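The values are calculated or read from the model by the stated rules, or taken from the named source; none is laboratory data. All of these numbers come straight from a predicted model, not from anything done at the bench. Note that we place each Cβ from the backbone using ideal geometry, even for glycine, and neighbour counts take in every protein chain shown.
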Amino acid sequence: MPYNRGLHRFATFVACATFFLIVAGALVTSNDAGLSVPDWPTTFGSFYKMPAMVGGVKYEHGHRMVAEFTGLMTVILAVWTWRVEKRRWLRMLGWAALATVITQGILGGMTVLFYLPAPISSAHAAVAQTFFCIAVAIALFTGRRWIQEQPRTELDQRRPALFTLTLLSIFVLYVQLVLGAMFRHHGLSWWPHVINAGVVAIVLSWTAIRAISVHSQVDAVRRPAVLMLGLMVAQLCLGFLAFITRVMWGRNASQPELPMIISTVVHVAVGALLLATTVILAIQVWRHVPVAFEERVRGRKQDPVAA
């Protein structure tokens, strides 16, 4: 496959724009600005007029503007990928990104139309993180190293397999994402989120330590594992800070206070980076650390349906 520098750079740009969109969305929630613009898809009855960017409107309408820009960039990315890519699965991933961002926009509109119901708002947050992971994955798959590098592989003979641990890490992070979104949107108490944070710490530490200690010679695995571990520690600290500022200090505040806003927004941003890094780790483990062939055969013999 020839390396397409333009496509890779544009895919990286879309991933960065998506991260900025997640930050903009966190600013809306943290400032309680979700209904500052009470209609959708129009803004105060108009599709094109710029409203007065005051109060919560600057966060809510600003978020919509970033979302529209990101959606347009995703359309270009999907069409560009479909036109130049030879890998069918990557072309399909481009369309999946477009379908995800459309779903994200519809969920965002529904949060306004139905007055911020916690389940829809939480789904909106989860789909945003999913779209970010897809955008980051496309940037990875279109990169020079992925296309031109001869992957170094090390067979995984341990149980559970490292790839299984990465999938488990993604799962517990998604659970944490939904629990956190439900808490921020007043649909759930804080304690399930805090308890699952302990589960996340255990599973991600297990995964990262296994990857670093056993496959330290494979840079493509070691680097995201180290980054994942560092982001996890930072996220736990930020989660504690967000809990203190929101639940303890800001419990009786009439308006969101600056420490709560900053800690929550940074917590959401680092959480997005942590999830995307874990997805990248899973992809690199799948590529560089396959399960030993004899273990696959043994698993098939134990599972007659698979055979």
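When Val112 is tested against the conditions (1) within 27 Å of Leu90 (Cβ to Cβ); (2) part of a helix (DSSP H, G or I), the lone failure is (1). Within the stretch 67-82, the set of residues being without any contact (Cβ under 8 Å) to a residue 60 or more places away in the chain, crowded, with 19+ Cβ neighbours inside 10 Å and β-branched (Val, Ile, Thr) comprises just one member, Thr70. Please determine whether any residue of the stretch 142-153 is of a type in the set (Gly, Ala, Ser) and over 19 Å from the mean Cα position of the chain (by Cα). Within the stretch 142-153, one or more residues are of a type in the set (Gly, Ala, Ser) and over 19 Å from the mean Cα position of the chain (by Cα). Could you list, in sequence order, all residues of the stretch 1-58 that are assigned to a helix (DSSP H, G or I) and of a type in the set (Ser, Thr, Tyr)? Selection gives Thr12, Thr18, Thr29, Ser30. Would you pick out the residues in the stretch 129-186 that are closer than 23 Å to Leu229 by Cα, among the hydrophobic types (A, V, I, L, M, F, W, C) and in contact with a His (Cβ under 6 Å, 6 or more places away or on another chain)? Leu179, the sole residue that qualifies. The helices (runs of 4 or more DSSP H) found entirely in the stretch 202-307 that carry 1 or more residues being of a type outside the set (Lys, Arg), buried (at least 17 other Cβ atoms within 10 Å of the Cβ) and modelled with pLDDT under 90 are 219-243, 258-288.
Rundown of residues vs (1) surrounded by fewer than 19 Cβ atoms within 10 Å (Cβ to Cβ); (2) aliphatic (A, V, I, L, M), yes/no style:
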{"residue": "Asn31", "(1), (2)": "no, no"}
{"residue": "Gly34", "(1), (2)": "no, no"}
{"residue": "Ser46", "(1), (2)": "yes, no"}
{"residue": "Gly55", "(1), (2)": "yes, no"}
{"residue": "Val84", "(1), (2)": "yes, yes"}
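Between residues in the stretch 136-147 that are closer than 13 Å to Ala15 by Cα and residues that are small (Gly, Ala, Ser), which pairs lie under 7 Å by C-beta distance while being six or more apart or on different chains? Final answer for the pair search is Val136/Ala15; Val136/Ala276; Ile138/Ala11; Ile138/Gly94; Ile138/Ala97; Ala139/Ala11; Ala139/Ala15; Thr142/Ala11.
Screening Ala242 against (1) under 15 Å from the mean Cα position of the chain (by Cα); (2) under 19 Å from Ala125 (Cβ atoms) leaves a single unmet condition, (1).
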